[in-house]
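Beneath this line is the structure, given in structure tokens, with notes to follow.
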Amino acid sequence: MESQSKEHAIVLESQAHVWNHMLSFINSMSLKCAIDLGIPDIIHKHGKPMSLPQLISSLQIHPSKAPNIHRLMRLLTHSGFFTLHSDGYVLTHPCTLLLKDNPLSAVPFFLSMLDPMLTKPWYELGKWFQQGNDGDKTTPFEAAHGRAFWEYAWHVPRLYKLFDETLVNDSRMVGGVVVEKCKGVFEGLESLVDVGGGSGTMAKAIAQEFPKMECIVFDSPYVVGELKGSGNLKFVQGDMFQAIPPSDGLMLKWSLHDWNDEECLKILKKCKEAIVSKGKGGKLIIIDMVVDDEKGDYESIQTQLLFDLLTMVVLCGKERTEKEWANLFSSAGFSSYKITPVLGVRSLIEVYP
């Protein structure tokens, strides 16, 4: 009887585990609903705990739907985005990243990930595993939309705008941490090229902190366009697969995970050529994930593994373990590297020629 009771308990726990994963999209879509309704911003602007009646009266919703707001808030409170005190709701720290006017806002990335254009490829994943690849370049995103992600995004201004805002906001966050905690990484460098640096948010923070360092934002003509630099910051157009401006310091922020190993190797070899041609030793600075599914905490590991699947489905890329990074560095001709896990689920990696 006791054995049977244990079996029943295991089955019921297993059922709940399956159900939670099956329905986990409801967490994402409920949070998107709160963002669409402006709930985080409304509570934040209220300036103090906000009662349910006060919240409901501030929302632009149909009166017939008002009784259901507490159900939405109950789930999001349980998920850790709000705290309910005796006098009302307040934002938790994660929820402050969902404020639309927060310069570090995660809202653009959040909305892009839940856009139908980005959710559709996941329906192709099972079929993708069953079919052969065209030179290891076909992704579920291409299967769903007929074009690679960045090519597709260029023709959908709304999607491109969300990703551009995502990268800008992330660079503000990472730039602040790097300038505060990793100054020593840049000391001694006379020049720095931010390879794939976009609109230059990251490079601007570094250029301001190191006014004697020549900082170059290097990206495609489509990205750089007519952007103009000032002081010790300038913009240069080009293709990192062809040639990178010579410099004793290069930086690749959240870029290499977009590419497969073959493409990464090409980029890394061009990086080494750019550093060696400067003739001053120098180094490559990479900001990316180093997956460790044994030593990290559960939530950090889960974030890394989720991003790994995301890069596989959308970009033909991957998140790499230290061993995988080391193999790439060695194959590209670099002699050594140093990993500093100072950026949450990402690390700063110094790679030496």
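List of remarks:
- For region 33-40, Karplus couplings with θ = phi - 60° (6.51, -1.76, 1.60), whole Hz, Gly/Pro x: 4, 4, 5, 4, 7, x, 4, x
- Kirkwood analysis of the Cα pair distances in the chain returns a hydrodynamic radius of 22.8 Å.
- Span from the region 222-238 Cα centroid across to the region 162-204 one, whole angstrom: 15 Å
- The phi-based Karplus calculation (6.51 cos²θ - 1.76 cosθ + 1.60; θ = phi - 60°) puts the 3J(HN,Hα) values of region 77-88 at 5, 4, 7, x, 9, 9, 10, 9, 9, 4, 9, x Hz, whole numbers, x for Gly and Pro.
- Label zone at residue 340 (point 7 Å along Cα-to-Cβ), backbone N below 19 Å, region 185-212: 185-195, 202-212
- The local environment of residue 306, defined by Cβ-Cβ distances under 11 Å, has a net charge of -3 under the rule Lys, Arg +1 and Asp, Glu -1.
- Computed E for residue 28/residue 123 - FRET, C-beta separation, R0 22 angstrom, nearest 0.05: 0.90
- Nearest-ten-degree value, helix 2-22 long axis tilted from longest Cα axis of the chain: 60 degrees
- For the residue pairs 204/234; 181/318; 181/253; 100/234; 204/228, the alpha carbons lie more than 18 Å apart in 181/318; 100/234.
- Check: region 110-352 dipole with +1 on Lys, Arg Cβ and -1 on Asp, Glu Cβ, in debye: 580 debye
- Longest stretch of the chain clear of exposed loop sites (GluC sites (Glu not before Pro), DSSP loop, at most 12 other Cβ atoms within 10 Å, sites excluded): 1-186.
- Rg over Rh for region 1-116 works out to 1.10, both radii taken from alpha-carbon positions and Rh defined as the Kirkwood radius.
- Gyration tensor verdict on region 91-156 (Cα atoms; rounded if a/c is under 1.5, prolate if a/b is larger than b/c, oblate otherwise): prolate
- For the chain, calculated [θ]222 nm from helices alone, where every DSSP H run of n ≥ 4 adds -39500 (n - 2.57): -14500 deg cm²/dmol
- Placing unit charges on each Cβ (+1 for Lys and Arg, -1 for Asp and Glu) gives the chain a dipole about its Cα centre, and among 62, 247, 314 the Cα reaching farthest toward its positive end belongs to 62.
- Per-residue ³J(HN,Hα) for region 247-254, Karplus 6.51 cos²θ - 1.76 cosθ + 1.60, θ = phi - 60°, Hz, x for Gly and Pro: 6, 7, x, 10, 9, 10, 9, 6
- Here region 73-146 and region 50-69 have alpha carbon centers that stand 25 Å from each other.
- More than 17 angstrom apart: percent of Cα pairs within region 66-117: 49 percent
- Computed E for residue 297/residue 226 - FRET, C-beta separation, R0 45 angstrom, nearest 0.05: 0.50
- Beta bridges per DSSP, both residues in the chain: antiparallel share near 50 percent.
- Orientation-averaged projection of region 138-271 equals 8.7 nm² [convex hull of Cα atoms, one quarter of hull surface area].
Laboratory data are not the source of any read-out in this text; all were calculated from the coordinates shown. None of these values were measured; they are calculated from a predicted model. Glycine gets a Cβ as well: all are built from the backbone with ideal geometry, and neighbour counts include every protein chain shown.
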